[in-house]
1. Go through Val377, Val384 for me and flag whichever is assigned to a strand (DSSP E or B) and not aromatic (Phe, Trp, Tyr).
2. Look at Tyr361 and say whether it is in contact with a strand residue (DSSP E or B) (Cβ under 7 Å, 6 or more places away or on another chain) and among the hydroxyl-bearing types (Ser, Thr, Tyr).
3. So, of the residues in region 149-197 that are exposed (fewer than 14 other Cβ atoms within 10 Å of the Cβ) and among the hydrophobic types (A, V, I, L, M, F, W, C), which turns out to be nearest to Gln244 (Cα to Cα)?
4. If we scan region 272-288, do we find a residue that is among the aromatic types (Phe, Trp, Tyr), open to solvent by 30 Å² or more (accessible area, probe 1.4 Å), within 17 Å of Thr379 (Cβ to Cβ) and at pLDDT 95 or above?
5. All but one of (1) of a type in the set (Gly, Ala, Ser); (2) modelled with pLDDT under 95; (3) closer than 14 Å to Pro387 by Cβ hold for Ser315, so report the exception by its number.
6. What tally of residues in region 148-166 results from selecting those that are farther than 26 Å from Pro131 by Cβ and either in contact (Cβ under 8 Å) with a residue 12 or more places away in the chain or not in a strand (DSSP E or B) (or both)?
7. Go through region 130-143 and give me each residue that's surrounded by fewer than 18 Cβ atoms within 10 Å (Cβ to Cβ) and aliphatic (A, V, I, L, M).
Amino acid sequence: MPYDTISGNFERASRTGHTNAIVKALADRSDFYVPAEKIGDISWLTAKIRSRSVAGTLPASERLSSVIGVDGSLMVVPVRDGLPSVRYGYAQAAAIWLDLLALDSQRDERFVDPVALNRAVNSALVSYDLPAAGAYLRQGVSIADSWREAIFQIFRSKKIEVNRLNQSLLQLLFLIHGTPGAAAQTLEVLCPNRACSNRALTVGPAAMDCPGCGTEIFPTDVLRIHEEVLEESSNESPLSRLMQVVELLVLVGLTTLLWEQSREDLLRQTLFIMDGPMAVYGPPAKLRAKALEYFQSMIQTTPGDGPFLCGIEKSGTVLDYARALVRHDALGPGDLMMVDADVISRITNVKNPSAYGSETYWGRKFVYQSLDKRVVVFTALPRVGAPYDDHGGQPDPEAYPSLPAILDVIDRTGSSMYRDGLIPVALAHSKAAYPIGVGTDVLRLAARVKLGLESTSAQGNW
C-alpha cells in the first residue's frame, strides 16, 4: 500500500529506482573473474600466516596508553540554481586523542560510564573550502590556476592548533620535505606552464614569478594537484587528493609535537592511526618518499620502537579477499598474514606484482584477524628501507618492530559501530564526516554566500 503524500496523491517510486537492480542482474549474467570469489586451494597460504605471538608479545609494562586517530571528509555541492556545473568544495581533517587506560577501565564495569568515556576523548579539526568547478577565485584565471591560488591561500592561512602546536599547513609542507626539527627552506617545483623552457624551479615559502615565462609560482605547486583539475568536471578527485595531503600533514604535525616535547615517554606510549592506507595517490604521490624518509628519521631518533604509526583500510580488494579467507577458515583469531608478492598476485590478478605499491605506499599491508574475530587490513612502517620496491619490498613482519603494539591496540579497541570497526577510527570519522542531507544544504548556503550569490540580508543572517 503506498503512502499518501502531503498533496494528497499516492507516493510514487523513483523513475530510476530500478537502475541498481538492472545493473546487478546484468552483472550476474556476465562472465568475469573476482579473486575474492575464487579462493580455491588455500594450502599455499600456510607459509604466509603467522600466529600473533610470532610477531612478538608485548609486555604489560609496554602496552600503549593512548591513540591519536586522523580522518578526513569532503563534499562538493552545486550552488547555483539552474547552473549545475557551478560547484563548491568543502573538506576537513579531524584528529582525536583516545585515552586507552580509561577505555580499558570501563571494560571491567558492569555499566559503562558515558562521562568517563567522553573525558577519554579530545578532538581537533581543520576545515577548508574553495570553488571547485564553474566558479573561480577571481576573474581572468583558468580553473587550474584558480585551484593553484586557492590551495596556496589555504596552506598559508589554515593552521593545526593543538595544545602547543600552532603551525600552518604551509609550514608543515616544508617540514615533511626536511627532517624532524629541521624544515626544508625551499622546495623543488615544476613551472605549471608546460611551454616554459625553465620548468624546474627552487621556491621558498612565498610566491614568485617564473624567470623563464613569468608565470606566478606557488610552493604548494609541488603537490601538482592542479594537474587533475578540469573545466568540465566536478573536480571531486583533486579535492580528494588535497584532503589526503592535509591528513598526512596533520599526522606530521602531531607526531613532531610529541617527538619534540615528549620523546622519552608520551611519544613511546601513543599509536597514531590514519583512516586509510599509509599511501599518497595521484599527482602528489612523490610526497610518499618524503613521508617515508621523515618518519624513518624520527624512528632513528626515538628510544625504543616508536613512533608507532599505522593506517587502517575500511574497504578495498585486499579486505574483500581477507574476509573471503576467513569464511574459508584460512585465518583464525590471532592470525597475522603477510601480503607478499604471491598474495598480491592472487588479489590483483597480475603475474608480476613486484612493483606493487612502490610509487604510492610508505607503509606495508598486513591482514590480521583480531582475538574477537574482526578482520583488519592495516599498513605499518618499516624501521629502515622501503615497504615496497621494484623487487617486492619487505613483507616479513620482522622488518616492522611496531607490530606487537599495533596488534595489541587493534585487539583492545574493537567497535561494533561498523563492521570490523576500531573505536579510534570510528571516533575520528564521526568528527570529520559531513552529515548527509542537512549538511549538504548548510554547505550549499555557505558556498552561495562566499560566491556572492545571496542577498546582503541573507549574508547578514548567515
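1. That would be Val377, the only listed residue that is assigned to a strand (DSSP E or B) and not aromatic (Phe, Trp, Tyr).
2. yes
3. Ala182
4. yes
5. (3)
6. 4
7. Listed by number, the residues that qualify are Leu137, Val141.
Residue-wise test of (1) modelled with pLDDT under 90; (2) among the aliphatic types (A, V, I, L, M); (3) under 29 Å from Ser402 (Cβ atoms); (4) open to solvent by 20 Å² or more (accessible area, probe 1.4 Å).
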| position | (1), (2), (3), (4) |
| --- | --- |
| Ser61 | yes, no, yes, yes |
| Tyr88 | no, no, no, no |
| Asp99 | no, no, yes, yes |
| Asn122 | yes, no, yes, yes |
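The values are calculated or read from the model by the stated rules, or taken from the named source; none is laboratory data. Because the structure is predicted, anything quoted here is derived from the model rather than measured. Ideal geometry is used to build each Cβ from the backbone, glycine not excepted, and the neighbour counts take in all protein chains shown. Surface accessibility is based on the protein's heavy atoms, side chains included, excluding ligands, DNA and RNA. Shrake-Rupley method; radii C 1.70, N 1.55, O 1.52, S 1.80 Å.
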